[in-house]
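I have placed the structure first, in the form of structure tokens, so that the comments after it can refer back to it.
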Amino acid sequence: NAGVTQTPKFQVLKTGQSMTLQCAQDMNHNSMYWYRQDPGMGLRLIYYSASEGTTDKGEVPNGYNVSRLNKREFSLRLESAAPSQTSVYFCASRLTYSGANVLTFGAGSRLTVL
Amino acid sequence: DAKTTQPPSMDCAEGRAANLPCNHSTISGNEYVYWYRQIHSQGPQYIIHGLKNNETNEMASLIITEDRKSSTLILPHATLRDTAVYYCIVRAGEEYGNKLVFGAGTILRVKS
């Protein structure tokens, strides 16, 4: 059981380039999330998807787009990368039981924009 | 959402209990208390959650005060591998939304 898998693990981009971060989960969870974490900071929510076919903005959505391709996959796209988007990106999926929300996170994708 | 207050850092001796406090004085009756941790460079890891009662699992214990305005995460026998940032989060259940917002957390340093 792999849990949440993110690709790529590392990426270096030049300013203005585009790329897509991929995320897949095999736990049959309905909700998925994208967070970013800057050095020494907590996590900030970029976008989330409550269920297949729906997406919503989080705290810091500017400069990003997302696609919930199917129940398993939730991708994050940077159309024109900027140095301010240098960060570690975490994907997560959510299990709800007894009314509580438990997130399972991927290992992270480390992005550097030059 | 209720806000939480945690100390920025704490030290603990290896083998001793680590007690991490969290203040959530504005918590609502339907909000859960969650604890996650993040070991350096890894994705956050769920530890435990609770609503009103104290909870225990294989990783930790969660003590919630009777008025629910504060809680304590207890790692009973801390090891060097428990050195991490610990996040306390309060959030309502699914019917009230589904986002968990992570703050700065507490850096726990376990020392030999």
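We did not get these values from a lab; they are worked out from the coordinates using the rules stated. Because the structure is predicted, anything quoted here is derived from the model rather than measured. Using ideal geometry, Cβ is built from the backbone for each residue, glycine included, and neighbour counts are taken over all protein chains shown.
Need the C-alpha centroid separation for region A:1-76 versus region B:59-93, integer Å. Centre-to-centre distance over Cα atoms comes out at 27 Å. The mean number of partner chain beta-carbon atoms within 10 angstrom of a residue's beta-carbon across peptide A:11-21 is 0.
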